Structures are given as structure tokens and as C-alpha cells.
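Notes follow once the structure below has been shown.
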Amino acid sequence: MATLPVMSAISSNQLFIRLPAPVQAALLPQLKIVEVVRGQLLIDEQEPVTQIGFPLTCVARIDAPMGDGRYAHTGELGRHHMVGTHVVHSQSFAARRVTALIPGYIATCDIELYRDQFKRSTALRDTFIWLQMHAHRRVGQLAACNATHDLRQRLARLLLQLHYMQDITVLPIAQADLAHILSVRREAITRELAEVESAGLVTLARNRIELVSLEGLVSRSCPCHTELMFSGRYDYSTLNPRRRA
């Protein structure tokens, strides 16, 4: 358990500070700041979800079980997202596993408290609809990108995407995780990263990638990075102000 002050730490989650004020007031006293390590299981698709979480400095990855013991990557969750709320919302979601991809901190509370607020607050339900619209937009873009663009482009896009998720330029991430996300062998990631480093765009160390030139990565990436930049830096002007009531 971390000792970060909740009041100051929770402001790192850009979604929480834009939730309806009564919802914030109800959740805030119950939030606990927890430190997570890379690879830590946050949601097991075979176990009940008992906590929701607001990523503060960590990034989580979502994987869907394929029915044969394997998992397919379906997205990431950062400072503009919540973890675990899919079991509360009225729309049906398939089971998913959520794992810490980039270590850091997350604010958690009991899911029943959130469930109660979701039932009470029309404004919170409206916010969820807004979030779900953008989630579908992001998933569709990722599917199109993975089907269309080559590894060189997709790796640059992914590095930029992780940067947007928490506004960081040092990514404490393993090459094996990048390979899993992009559905390629680790050897292919190693080769591509070596080329990116030779071009002066990143600096590599064990389980660490420093982004040296964001502009260079943009030039190397497919155009999808602009759509996914939006997903990492939501434009909250499109969230109706009445939902803050």
C-alpha cells in the first residue's frame, strides 16, 4: 500500500476529476492508493471483480481469452480510464483479463460503492455512454491498424500510444509485452527496436525504452497514431457539461 495523499494523487486520473461532483464526493473517502508492479493481475476473468480502479501512473493491458489457453490483446487503460467497471454497466461485455503493463499507482475502491452510484446517477450513466463511444472508436481503429499496417509502423504507433496514455517518455516495459500486444515473435520486436534505436528515436535498456524523438516516431508511424493520440488525451469538451451536475 502506498502512502501518497489520495486528494492530490487522484487528480492524475483525468476521468475521475471529470466525473459528476456527487459521484466524486461519494467515492473519494473510500479510495485507496495502491502500487502495482509489471505483470500484476488486476482482473482475473475467472474470478469475481470486487474492486474498481482509476489508473494514476500505471498503464494496464486488456486481454481476451481465446478458449484455447491463449489470450489476445484488445487495448490499454491509462489516466483517462477506469478498470473493472465493465461488470457494472448495463451493456454486456465478454470476460477479460487486465494486467499491469507499466508499473505505477492506481486508486481503488469497492465495486459495490460504484455500482450504487451508477444506479443513482443519470450523469454517471451518461458519462459511461460517452466513454463507451470512444472505446468502440479506439478498438475499431486498432483492428484496422493491425490488419493493414506493417510492424515497423505499428511499433512506432504503439510506442506513441503508450506515451499518450500517461504523458511519459520513459517506458518501463518489456519487449515480450510489446510482442504480445502486436502479436509477433519477440525476435521481430528486437530487430525493429534495434532499427529505431539506430535511427536515434529511442534509447534501449533492459525492460526500459526511452523515447528520444517523438517527431521521428510520428514520421515512422502509420496515420493511426493521430486517432489513438485522441484516445490517450480525450477531448472532454465533447462531454456535455450537464453531466457534471
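The values are calculated or read from the model by the stated rules, or taken from the named source; none is laboratory data. Being a predicted model, the structure only gives us computed values, none of them experimental. All Cβ positions, glycine included, derive from the backbone under ideal geometry; neighbour counts span all protein chains shown. Accessible surface is based on the protein model in full, side chains and every heavy atom, while ligands, DNA and RNA are left aside. Shrake-Rupley method; radii C 1.70, N 1.55, O 1.52, S 1.80 Å.
Numbers for the structure displayed
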read-out	value
Accessible surface, per residue, of the chain when the full set of protein chains is kept, probe 1.4 Å, Å²	47 Å²
Net charge dipole size for the range 1-140 [Lys, Arg +1 and Asp, Glu -1 on Cβ; Debye, nearest 20]	380 debye
Sum of -39500 (n - 2.57) over DSSP H runs of 4+, divided by residues of the chain (222 nm, nearest 500)	-12500 deg cm²/dmol
Debye-sum result for the range 110-163 in log10 I(q)/I(0), which assumes one identical scatterer on each alpha carbon, at q = 0.14, 0.16, 0.28 Å⁻¹	-0.58, -0.66, -1.05
Value of relative contact order over the chain, rounded to a whole percent, pairs C-alpha under 8 Å and six or more apart	22 percent
On Cα atoms only, tilt of 111-120 relative to the major axis of the chain in degrees	60 degrees
Sulfur and carbon atoms: percent of accessible area, the range 1-143 [1.4 Å]	54 percent
Dipole axis of the chain (+1 Lys, Arg; -1 Asp, Glu on Cβ), positive-most option in HIS180, LEU28, ALA64	LEU28
Nearest 10 degrees, 0 to 90: helix 186-198 Cα axis against the chain principal axis	70 degrees
For ILE168, net neighbour charge (Lys/Arg +1, Asp/Glu -1) across residues whose Cβ lies under 11 Å away	-1
